[in-house]
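> The structure that follows is given in the form of structure tokens.
Every number here is computed from the coordinates shown, using simple stated rules; none is lab data. Everything quoted here is computed from the prediction, not taken from an experiment. Because the Cβ atoms are built from the backbone with ideal geometry, glycine has one as well, and the counts that use them run over all protein chains shown.
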Amino acid sequence: MFFKFLELLKSLSIKERKLLGAAGLVFIVSGIFFGLQTFYSETEAKPVEGGSYVEGVIGQPIAINPLIVGDNDPDRDLIELLFASLSDIAQTIKSDEAKKVWTITLKTDLLWSDGEEITSDDVLFTISVIQDPDARSPYFATWQGVLAEKSTEHELKLTLKNPYAFFEDNIQNLKVAPSHIFDNIPPQNFRLSDYNLKPVGSGPYLFNGYTKRPDGFIEKYELIANPNYAGQKAYIRKFTVKFFANKSDAIDALNGKKIDGLGGLEKSDLDDLTINHHVVTASRPRYYAVFLNQSTSLPLKEKGVRLALHYATNRSALLADVLDNQGVVEKGPIPASITGYDDAIFTDSLFDIELASTTLDKAGWKIGEDGIRSKVIQKSKVTLEFDIIVPEVRFLVDTAKQLQQDWHAVGISLNPVIIKPSDVIVSAIKPRNYQMVLFGNTLNNNPDIFSFWHSSQRFDPGLNLSLFSDKTVDGLLESVRQDTQEETRLQSLSKIQKLINDQKPAVFLYSPDYIYVTSTSLGGFTAKSIAIPSNRFDEVAGWYLKTARVFK
């Protein structure tokens, strides 16, 4: 057959041979193209295990321990990666009709990273520590009144004194700690444990070592995928967290391809990036506001002054100029992204310099030669001059400067006092030592704002920064927590927002987006609402770097 084909070729002219060759080439290319097209139409890309990822984090880990977790973001990040939540290790979660008794059955054959079995004893121990005042857990308030009882090695019962409409969020957020490690240690001594830096965990990743400099600065944590994780096994096999003293160093590392991902950026930071990258923005259930402490200022006791501050604030300009429109304007105590927010209430949320001036005129505040308003109160001349505590964060400092300009236009003098964020907590918020403070409230993706606006939370450790007190609002806040019927709960939330808006105890401003930059090779990370920065790792097991095509 082959020889006959050769004879046929010899019988052809040169032109005929070229035509035959071209036709053959077209046939081969078409075959390859058709084969590839068929392959891609019949298959799809699926994530596969493998690869190594490096996350950049600003700051230092102090205690990677869910029993004493505080506000330190590096700790929270590592806890999210290294510890499973109660909902992760639960096989079933059931409640009675009244939502007061919850029965939780755990998955079996789950192990801690040291090989010990995870049982209901670990859950009971974790809850008991949270409920101990000496442990100073940030979850203390939300777990009070919960009776935890062991049914079997893998089943427990949680009984609430009163129904709590958002109790499933408590279950979701409860990171379980190993009782066999900490059970015999008093809560006051937890911070002395070596396990705070060498954690025994149960999350999607396991501790595999850390590196520190001679001066004690921890440079990185090396983690490996946990083969015994209760949820989906992580695709990325090695996950490294590198720590930086400041944002500038972290951005330099990202540009130098020494890290693959970095979160908590501002829009202006993106201009400093020089490599190909992917940007993910996510909303956050929080708002920033100027909280007004009426107990430290006679003018702030007057509703007319508080109302004028409200009218003199250009929120849209703040969003555009300070946040480069990476966020949303916020008008009240419940973020717009949370179910229960009622926009119809805030019809007076407008920027109107003339109305602000008229409001102050009617209240008797006259402009002096220096452009600042004043009037006589209790036989003394009082001026509209305020100090505002501002955390030393770039966008908050820029916000304070913009407010200073806006409010000066109506005769109000604002003096920003810029201090370190940690000092804001200790020197201002805890003792409520401020006339005004520019600060943020973060919700847990639900409309429970009890800790921010109930009168019982006016003083530390409560978070009612305006020292707001209203008996009707108190009752409604308590009702919202216990009402398991969404329709009536939404009605109560609307009333709360209206009552707070009527009294203007704070000047609500905006909610910035969370901006995360990652390498273009990362898949599986999608934008969603992120309550705290560590929530970016909620579905980290689904992140991937490699894919393979499989038949559909």
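> Once label points are set 7 Å from the Cα along Cα→Cβ at both ASP502 and PHE351, what is their separation, rounded to one decimal in nm?
Distance between label points: 2.9 nm.
> Given 0.36 nm per residue, what is the gain on full extension from HIS277 to VAL101 after removing their alpha carbon distance, in nm? Mind dumping the intermediate values first?
Details: separation 176, 0.36 × 176 = 63.36 nm, distance 4.80 nm.
Contour length minus the Cα-Cα distance gives 58.6 nm.
> Considering Cα pairs under 8 angstrom that are at least six residues apart, work out the relative contact order of the stretch 73-121 and quote it in whole percent.
About 23 percent, as a whole number.
> Charges at C-beta only: +1 for Lys and Arg, -1 for Asp and Glu. How large is the resulting dipole of the stretch 84-196 about its Cα centre, in Debye rounded to 20?
Working: 10 positive and 18 negative charges, 107 e Å.
Rounded to the nearest 20 debye, it is 520 debye.
> Would you order LEU78, LEU110, LEU493 from fewest to most other beta-carbon atoms within 10 Å of each residue's own beta-carbon?
Working: LEU78 28, LEU110 18, LEU493 25.
Lowest count first: LEU110, LEU493, LEU78.
> Taking 2.2 N^0.38 Å as the expected size of a compact globular protein, what ratio does the Cα radius of gyration of the stretch 210-253 give against it, to two decimals?
Numbers: Rg = 13.9 Å, N = 44, 2.2 N^0.38 = 9.3 Å.
In units of the 2.2 N^0.38 Å rule of thumb, it is 1.50.
> In the stretch 432-532, what chymotrypsin sites (Phe, Trp or Tyr not before Pro) fall in a loop by DSSP, with at most 16 other Cβ atoms inside 10 Å?
Details: sites: TYR434, PHE439, PHE450, PHE452, TRP453, PHE459, PHE468, PHE508, TYR510, TYR514, TYR516, PHE525; in loops: TYR434, PHE459, PHE468, PHE525.
Listed in order of number, the matching sites are PHE459.
> With each label point set 7 Å from Cα along the Cα-Cβ vector, what nm distance links ILE377 and ILE419?
Result: 2.2 nm between the two label points.
> Additional query: Would you mind calculating the gained length between ALA363 and SER427 on full extension (0.36 nm times residue separation, minus the Cα-Cα distance), in nm to one decimal?
Once the chain is fully extended between ALA363 and SER427, it gains 19.7 nm.
> Need one number: the % of Cα-Cα pairs in the chain sitting beyond the 43 Å mark. Don't skip to the end; give the middle numbers.
On the way: 48061 of 152076 pairs.
Value for the chain (Cα pairs over 43 Å): 32 percent.
> Give me the distance in nm between label points sitting 7 Å out from Cα along the Cα-to-Cβ direction at LEU270 and ARG191, one decimal.
3.9 nm
> Compute the helix-to-body angle for 394-408: its Cα long axis versus the longest principal axis of the chain, expressed 0 to 90° and rounded to tens.
Roughly 40 degrees, rounded to the nearest 10.
> To continue, here is another question. Arrange SER357, SER248, SER380 by Cβ neighbour counts within 10 Å, fewest through most, would you?
Working: SER357 19, SER248 12, SER380 7.
Result, fewest neighbours first: SER380, SER248, SER357.
> Counting DSSP beta bridges in the chain, what percent are antiparallel, to the nearest 5? Could you put the intermediate results ahead of the total?
Working: 65 of 83 bridges.
Counting only bridges with both partners in the chain, antiparallel ones make up about 80 percent.
> Based only on other Cβ atoms within 10 Å, what is the fewest-to-most ordering of ILE58, ILE93?
Values: ILE58 18, ILE93 15.
Lowest count first: ILE93, ILE58.
> With an 8 Å Cα cut-off and a minimum separation of 6 or more residues, compute the relative contact order for the stretch 286-512 in percent. Working shown, then result.
Values: 397 pairs, mean separation 74.8, N = 227.
Relative contact order here is 33 percent.
> Applying the Karplus parametrisation 6.51 cos²θ - 1.76 cosθ + 1.60 with θ = phi - 60° to the phi angles of the stretch 453-465, what ³J(HN,Hα) value in whole Hz is obtained for each residue in order, glycine and proline being reported as x?
The phi angles translate into 9, 6, 5, 5, 9, 5, 10, 3, x, x, 10, 7, 6 Hz.
> When the Kirkwood radius is taken over all Cα pairs of the stretch 84-196, what Stokes-Einstein diffusion coefficient follows at 37 °C and 0.692 mPa s, in µm²/s?
Details: Rh = 14.6 Å.
Diffusion coefficient, whole number: 225 µm²/s.
> For the stretch 286-512, what number results from the quotient of the Cα radius of gyration and 2.2 N^0.38 Å?
Numbers: Rg = 17.2 Å, N = 227, 2.2 N^0.38 = 17.3 Å.
Relative to the 2.2 N^0.38 Å estimate, the stretch 286-512 comes out at 0.99.
> If I take all pairs of Cα atoms in the stretch 321-429, what percentage of them are more than 23 Å from each other? It would help to have the intermediate numbers written out before the result.
On the way: 2836 of 5886 pairs.
Roughly 48 percent, rounded to a whole number.
> Subtracting the Cα-Cα distance from 0.36 nm times the residue separation, let me have the gained length for GLN60 to ASP183 in nm, one decimal.
Working: separation 123, 0.36 × 123 = 44.28 nm, distance 2.65 nm.
Full extension from GLN60 to ASP183 adds 41.6 nm.
> Over all alpha-carbon pairs in the stretch 207-339, figure out the percentage whose distance exceeds 20 Å.
Details: 5958 of 8778 pairs.
For the stretch 207-339, the fraction of Cα-Cα distances above 20 Å is 68 percent.
> What FRET efficiency do you get for SER248 and GLU539 if R0 is 30 Å and r is their Cβ-Cβ distance, rounded to the nearest 0.05? Don't skip to the end; give the middle numbers.
Details: r = 30 Å, r/R0 = 0.98.
Taking R0 as 30 Å, the efficiency between SER248 and GLU539 is 0.50.
> Right, next: With Kirkwood's inverse mean 1/r over C-alpha pairs for Rh, give me the Rg to Rh ratio of the stretch 46-104, two decimals please.
Values: Rg = 17.0 Å, Rh = 14.8 Å.
On the Cα set of the stretch 46-104, Rg over Rh gives 1.15.
> So, one more: If you average the alpha carbon positions of the stretch 352-418 and of the stretch 191-250, how far apart do those two centres end up, in angstrom?
Computed from Cα coordinates, the inter-centre distance equals 48 Å.
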